[in-house]
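Notes follow once the structure below has been shown.
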Amino acid sequence: MIGVRGLICLLLLLPLPAFAGLFIDDFEDGDDFGWRVVRGEWKVEGGAYVSANPIPNAARNLSQVSYTMLQSPWRIKDGAVELSIRFDERAEGGDEALLLYRMEDDENGYALKIWKEGLTIYKIVVGNLITIRMEPSVVKPTVNHVKLELEGMWMKVHLNGVLRMRIGDPEKSRYEEGRIGLGVPKAKFPVRFEEVRVEGEGIYQFRVNMPVEAKGKLPLLWGEIKGR
Amino acid sequence: MRKGFSIVFVLIAIFAIHSMAFPAKIDPGKLGVIYYCAFPVTITLDGKFDDWPSVVPWHKVPHDRGTQPAPDDNDASYEFACVADENYLYVAFKVRDDKKVVGEDTGCNVWKDDSVEVYIDGGNEKANSYDANDSQVTIGRDNVGGDPEHPKLGGCVGQLQGPNTGTKAFVVDTDYGWAVEAALPLETWGIELRDGLVIGFNTHLNDDDDKGPRDHKLIWSEKDVADTSWKDPSVFGELKFVEVKLAVSPRDKLATVWGALKR
């Protein structure tokens, strides 16, 4: 007889089923906790993560891109990444933004570029931005809401609520999962990234305003811990 | 005993005649993978579709199947069918399209306006680049009212370019959008028609809603995941020619082969 305690122990040993979860960073807390700047000048300001330094020429390699990576304990495989991107009015459509995803490290993964001509998906191999597909699309000169859906090799891009792009990467060299990041490959003015939302299997909120267990005591707000 | 045998015999005979009097079934194939193309059937290019046998399968490509999806089927979607005779591969398109945009980009650039594309790999080599029997043939909606014997064609890639393929096309506007009947000469691609022959094949739709660049791109082949058929035949699907006795029952007489009837 294993008893109730034994049964509980046994249940705890069973592998937990994967679950679809959610991560949101609206940058309203005023800090960039969880983000690691790889290149460029980034700051949190007015509910946005802002790339401030100008990038005069369109980058063809991540070494020329101002970008930052989310140091999440999870990696996105299948699911969705959403955010809003706000270009400066003075740019008149000339500035560009990148959403990096399934990044295996700082130099390998995928990127979605939002720019005046439309949407471009790149495969990033050792920093090189290799175009998989560019599709013309109606990109607004100021605010654009982007939703990227990932399912196996398929990548679907919704721009301002409309499905605009559906492409696949059937290559064996496909990146299956990885971290997300934000980047600016070309800009005269600051580019603002707002309300980053990631949804998918194994995703969870690992940063601000989430209760955590501290040494067996009552859950505390991560923000409180950070304040100590 | 004899009476019972006679009844069974008559029933079998009725069943056999009945079966012959109804159209044969054609395997529909698989969307994005393979299309079974019945022959021999000859089509008159007139945009009426009344000579397309009802048993010929139509593959429907919905609004969200392609690299540049449309919001719904009325904005952009299409279905196509194929038949062949000893001289031509006939391809029909019925295109749902809510906005007509033609004349802004023509000839080799007609892919930026409303147009359909047929891709042929005559040898089905599935190479990664075009060889002498690979083509893209682009047929624009700007051919409405044009000369079906000498249509304006795009597909200016590779050695055997669309405008040089001898393709004929009749294009009409319809209440749901527009439609195409095209005849592609088999000899252009060195195709010798026989039962079971398989060639590389794909179809696309380009939809322009508001001038400027193309707005929607729909694709049949499930391997063409990034719109690379224009340069890479390895992403085509397949078309298999199947010899079919398309039987009909003219005025209660014995079934006759459709091709024979038309002749």
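Quickly run through segment B:201-214 and pick out the residues that are in contact with a strand residue (DSSP E or B) (Cβ under 7 Å, 6 or more places away or on another chain) and open to solvent by 30 Å² or more (accessible area, probe 1.4 Å).
Scanning segment B:201-214 gives a single hit, B:Pro213.
Would you pick out the residues in segment A:108-132 that are surrounded by fewer than 17 Cβ atoms within 10 Å (Cβ to Cβ) and outside any loop (DSSP other than H, G, I, E, B)?
Selection gives A:Val125, A:Asn128, A:Ile130, A:Thr131.
Quick one: which of B:Val56, B:Val91, B:Val95, B:Val116 is in a strand (DSSP E or B) and under 16 Å from B:Leu239 (Cα atoms)?
Just one listed residue meets the conditions, B:Val91.
Being basic (Lys, Arg) and either closer than 26 Å to A:Val37 by Cβ or assigned to a strand (DSSP E or B) (or both) is the filter here, so list the residues in segment A:158-195 that pass it.
Once the filter is applied, which keeps residues that are basic (Lys, Arg) and either closer than 26 Å to A:Val37 by Cβ or assigned to a strand (DSSP E or B) (or both), segment A:158-195 yields A:Arg164, A:Arg166, A:Arg179, A:Lys186, A:Lys188, A:Arg192.
Restricting to segment A:167-183, what's the tally of residues that are of a type outside the set (Phe, Trp, Tyr), out of contact with any Leu (no Cβ under 7 Å at 6 or more places or on another chain) and open to solvent by less than 40 Å² (accessible area, probe 1.4 Å)?
Qualifying residue count for the region: 4.
Mind listing just one residue for me: the one in segment A:133-157 that is open to solvent by 40 Å² or more (accessible area, probe 1.4 Å), within 14 Å of another protein chain (Cβ to nearest Cβ) and not in a loop (DSSP other than H, G, I, E, B) and, of those, farthest from A:Lys77 (Cα to Cα)?
The qualifying residue farthest from A:Lys77 (Cα to Cα) is A:Met134.
Can you find a residue that is crowded, with 22+ Cβ neighbours inside 10 Å, closer than 29 Å to B:Phe241 by Cα and either out of contact with any helix residue (DSSP H, G or I) (no Cβ under 8 Å at 6 or more places or on another chain) or among the β-branched types (Val, Ile, Thr) (or both) anywhere in segment B:144-153?
No, segment B:144-153 has no match at all.
For the list (1) within 14 Å of chain A (Cβ to nearest Cβ); (2) in contact with a helix residue (DSSP H, G or I) (Cβ under 8 Å, 6 or more places away or on another chain); (3) surrounded by fewer than 17 Cβ atoms within 10 Å (Cβ to Cβ), I need the number of the one condition that B:Gly107 fails.
(1)
Only one residue in B:Val198, B:Val171, B:Val180 is touching a residue at least 60 places away in the same chain (Cβ under 8 Å), hydrophobic (A, V, I, L, M, F, W, C) and open to solvent by 40 Å² or more (accessible area, probe 1.4 Å), so which one is that?
Just one listed residue meets the conditions, B:Val198.
Kindly evaluate B:Lys223 against the criterion of being at pLDDT below 95, within 14 Å of chain A (Cβ to nearest Cβ) and not in a strand (DSSP E or B).
no
The values are calculated or read from the model by the stated rules, or taken from the named source; none is laboratory data. Just so it is clear, the model here is predicted, and its values are computed rather than measured. All Cβ positions, even for glycine, are placed from backbone atoms using ideal geometry, and neighbour counts span all protein chains on display. Protein only, heavy atoms only, side chains kept; ligands, DNA and RNA dropped before computing areas. Shrake-Rupley method; radii C 1.70, N 1.55, O 1.52, S 1.80 Å.
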